[in-house]
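Worksheet: the structure to be examined is printed underneath.
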Amino acid sequence: MQDEEKQKQQAELSRGSLDPQSMTTQSHKERIQASWYRCEQFGLEHGSRPDFATLPKGTLTDLIDQHRSLLETTENEVLPYYENILSNSACMIVLADRQGHVLNTWGQPRFGSAAEHGLIGGNQWTEMGVGTNAIGTALITGEAIQVGRDEHFLRANRFMVGSASPIYNTKNDLVGVLDISSDAYLPQDHTFGMVKLMSLSVENRLIFSAFQQEHFILSFNTNVVSLDSHWSGILVLDENGTIVSANRRAEVVLARDLALLNINQVFDIQMREIKHHPFSLPMKLIAMGRYQFYVKVIPPVQQIMRVPDFRQRTDYVAPIQPEPLVMNEKKPELEKAEKVKKTDDIGVLDIPDNVIPLAELQHGDERVERLVRQAHKIMEKDIPILIHGETGAGKEIFVRSLHYHSSRSKEMLVAVNCAAIPAELVESELFGYEKGAFTGAQNRGSIGLIRRAHRGTLFLDEIGEMPMAVQSRLLRVLQERVVTPLGSTEAFPVDIKLISATNRILKDEVKEGRFRQDLYYRISGLNIELPALRERTDKAKLIQYLHERLRKEEPGPALSPKMLALLARHPWPGNMRQLAHVLKVGMAMADESVLEDWHLPDDFFDDLDAAPSFDLTESNSQSDQIEPLERLIPRLLSEFKGNVSQTAKTAGVSRNTVYKYAKAKDGAAE
């Protein structure tokens with residue numbers, strides 16, 4: 001069951017619906033603990049009263065009009081299938097929008113009046129106002145969750161159990177959440193699975209509403225009697241067989257990104273065969289060359305007559321048109337130069353909104369600008385990249401930007417945190433496995449993360465944490481460019497761009513026997529060090545940039561010069577991750593037009609107070625020159641009795657820099 005949940009999460013991550021930093025290798029208990037921590041940062045206490053931020057009646061009416069399609073789909077096309085829930089148990093079904101505003105409710109609760117439970121239209125169920133709760137926590141995590149009575153952060157909500165599941169539209173954008181709430185004394189075993197099924201049902205009906213008029217829809221399942229169930233995979237095809245949409249179940253079952261593939265790349269069938277197949281007769285097809293499914297074809301409601309256009313054939317060559325005479329015509333050499341210049345510009349490509357353009361990764365720091373340009377060029381070469389950097393320094397942000405600015409951007413970026421996967425599961429997660437390969441293996445097997453990255457980018461974060469046995473298998477994959485799943489004798493070729501990252505000194509790990517030397521030299525092509533936030537010369541501008549990006553996502557207060565100076569003075573031991581966390585909390589807490597220091601979390605000031613105020617100039621120096629690092633670091637190491645962390649923090653550099661200058665001194669002494 002855990003393996004199935006993990007594979008589902010990886011599929012959702014490939015679609016971009018999950019934040020990689022919060023990727024749910026977390027247990028349910030860890031998710032609840034993370035939510036409680038957020039509530040504490042919001043300033044809530046267990047005895048606080050819920051703040052529902054109730055919408056005015058007119059505003060609620062407008063909101064309902066905006067979500068009319070979602071409401072009607074839920075009420076008219078989904079809930080009738082679940083009438084037994086409403087009739088046989090005293091519970092409430094709640095539909096909320098993506099901000100947590102309740103749009104409508106169905107059913108009769110046993111836990112009191114609307115004024116007491118707060119599940120009424122216009123009330124907002126967010127963690128910030130109501131603490132840990134099923135609706136608000138599902139919206140933050142983007143995942144289904146059940147919140148038990150004592151798991152609610154506010155004592156006022158501990159009379160009930162909530163089970164909530166997010167709803168995604170045809171563009172994979174989160175548009176709302178479905179919740180089933182009941183008193184804490186009813187059996188809850190079936191409720192969690194039911195609400196996930198209901199949300200999937202809503203998503204499926206949204207797909208049919210959007211595409212059924214003019215597109216072919218394929219429903220597939222492993223059992224012919226289940227083809228009409230809400231657990232079936234759904235593919236939407238245009239008349240050429242291109243997959244223009246799919247439900248989440250299809251992506252989980254097929255374990256790959258399906259966007260804009262042709263149907264013949266998924267099933268062993270051509271589009272012309274689909275068009276001529278009797279629509280009432282299920283087919284038995286093979287998917288991905290190995291998995292057997294039953295498939296049902298649903299034709300378009302409107303059969304659109306199209307006149308054949310032979311120019312659409314792949315062998316069509318357009319006639320040569322005479323070039324018109326144009327004054328000041330550019331020379332071919334100039335046009336070629338301009339084209340090269342445009343493609344070499346790392347800031348002009350069309351990339352997703354959640355990816356930072358390469359040109360915006362630096363704001364004046366020459367080191368960062370240099371390593372960005374180096375990595376950008378190497379992305380098109382068959383050379384691996386190894387990134388060194390502290391935790392939270394933005395390694396994955398950097399890698400995402402590299403991927404989407406490369407020729408591999410149309411394929412998947414698969415990010416793997418080697419430290420987050422349990423040691424006993426790393427091998428099966430990376431290389432995949434045949435069904436029945438080991439106890440607990442899924443019946444259909446698993447394709448594995450490396451094969452998911454085929455023709456795309458594989459990012460192995462925290463690679464220094466990889467077990468030795470797995471290192472050996474990875475080395476063979478990198479040498480032979482083939483993957484053999486566990487329990488199989490079949491080898492699958494893979495074409496991947498490998499990027500690895502670590503916050504360890506891998507050469508030291510090699511000396512200590514914890515990392516294979518041959519693997520180190522296999523992954524160590526271009527070595528770059530991503531500087532810590534405190535080391536960057538463009539720190540203030542970077543803080544301003546991140547603040548503006550966050551304001552675009554969610555309107556928030558401005559940043560005063562005084563606040564910017566305070567943020568720039570902070571040591572940021574958690575680097576970019578900590579900065580983003582502090583800014584988000586501050587913006588959430590601030591109602592004013594300007595962010596003030598009292599809006600920031602307490603641990604921000606703990607770090608600020610703990611930072612040593614060390615004068616980097618020689619005390620007896622008559623000049624204002626900063627002490628060179630080659631003298632400063634050995635001196636601090638001596639003063640701190642070899643404590644590398646304290647030396648790095650005091651000097652404002654990374655641990656790698658401390659090692660570098662310490663070894664340089666030792667070499668000179670020899």
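The values are calculated or read from the model by the stated rules, or taken from the named source; none is laboratory data. Please read all numbers here as calculations on a predicted model, not as lab measurements. No Cβ is skipped: glycine too gets one built from the backbone with ideal geometry, and neighbour counts run over all protein chains shown. To get the accessible areas, we keep the full protein, side chains included, count just its heavy atoms, and leave off ligands, DNA and RNA. Shrake-Rupley method; radii C 1.70, N 1.55, O 1.52, S 1.80 Å.
Just for the stretch 621-649: of the residues that are of a type outside the set (Gly, Ala, Ser), at pLDDT below 80 and within 19 Å of residue 530 (Cα to Cα), which one is surrounded by the fewest Cβ atoms within 10 Å (Cβ to Cβ)? The qualifying residue surrounded by the fewest Cβ atoms within 10 Å (Cβ to Cβ) is 644. Examine the stretch 127-142 for a residue that is farther than 28 Å from residue 76 by Cβ, at pLDDT 85 or above, part of a loop (DSSP other than H, G, I, E, B) and open to solvent by less than 10 Å² (accessible area, probe 1.4 Å), and state whether such a residue exists. Yes, some residue in the stretch 127-142 is farther than 28 Å from residue 76 by Cβ, at pLDDT 85 or above, part of a loop (DSSP other than H, G, I, E, B) and open to solvent by less than 10 Å² (accessible area, probe 1.4 Å).
Report, by residue number, each residue of the stretch 517-548 that is polar (S, T, N, Q) and touching a helix residue (DSSP H, G or I) at 6+ places or on another chain (Cβ under 6 Å). Let's see the steps before the verdict.
Filtering the stretch 517-548 down to residues polar (S, T, N, Q) leaves 517, 524, 527, 537, 544.
The answer is 517, and nothing else.
Results for (1) over 26 Å from the mean Cα position of the chain (by Cα); (2) β-branched (Val, Ile, Thr), shown as yes or no for each residue.
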residue: 488; (1), (2): yes, no
residue: 491; (1), (2): yes, no
residue: 500; (1), (2): no, no
residue: 509; (1), (2): yes, no
residue: 512; (1), (2): yes, no
residue: 516; (1), (2): yes, no
residue: 519; (1), (2): yes, no
residue: 523; (1), (2): no, yes
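Of all the residues in the stretch 1-52, those that are modelled with pLDDT of 90 or more, out of contact with any Ser or Thr (no Cβ under 6 Å at 6 or more places or on another chain) and polar (S, T, N, Q) number 3. Scanning the stretch 235-244 for residues that are surrounded by fewer than 22 Cβ atoms within 10 Å (Cβ to Cβ) and closer than 11 Å to residue 207 by Cβ yields a single hit, 244.
Scanning the stretch 481-507 for residues being free of Cβ contacts under 8 Å to residues at least 12 places away in the same chain and touching a strand residue (DSSP E or B) at 6+ places or on another chain (Cβ under 9 Å) gives a total of 1.
Being open to solvent by 10 Å² or more (accessible area, probe 1.4 Å), free of Cβ contacts under 8 Å to residues at least 60 places away in the same chain and not hydrophobic (A, V, I, L, M, F, W, C): is that true of residue 451 here? Yes: the conditions hold for residue 451. For the stretch 281-298, a residue qualifies if it is in contact with a helix residue (DSSP H, G or I) (Cβ under 8 Å, 6 or more places away or on another chain), open to solvent by 30 Å² or more (accessible area, probe 1.4 Å) and over 12 Å from residue 221 (Cβ atoms), and exactly one does: 288. For beta carbons closer than 6 Å, sequence separation of 6+ or different chains, a first residue in the stretch 189-216 that is open to solvent by 50 Å² or more (accessible area, probe 1.4 Å) and a second that is of a type in the set (Ser, Thr, Tyr), the qualifying pairs are 192/163; 196/165; 205/73; 210/170. A Cβ distance below 8 Å, combined with a sequence gap of six or more or placement on separate chains, defines the contacts here; from the stretch 252-274, residues that are open to solvent by less than 30 Å² (accessible area, probe 1.4 Å) reach residues that are part of a loop (DSSP other than H, G, I, E, B) and modelled with pLDDT under 85 in the pairs 253/444; 254/288; 266/288. Looking at this structure, is residue 119 open to solvent by less than 10 Å² (accessible area, probe 1.4 Å), part of a strand (DSSP E or B) and either modelled with pLDDT under 95 or not hydroxyl-bearing (Ser, Thr, Tyr) (or both)? Answer is no for this residue.
Residue count for the stretch 70-80 under the criterion of being at pLDDT 85 or above and open to solvent by 20 Å² or more (accessible area, probe 1.4 Å): the result is 2. In the stretch 34-55, the qualifying residues are those that are without any contact (Cβ under 8 Å) to a residue 60 or more places away in the chain and either within 13 Å of residue 122 (Cβ to Cβ) or among the acidic types (Asp, Glu) (or both), and the one that is least open to solvent (accessible area, probe 1.4 Å) is 40.
Screening the stretch 382-392 for residues that are over 19 Å from residue 359 (Cβ atoms) and either among the β-branched types (Val, Ile, Thr) or touching a Lys or Arg at 6+ places or on another chain (Cβ under 9 Å) (or both) and picking the one that is most open to solvent (accessible area, probe 1.4 Å) gives 382.
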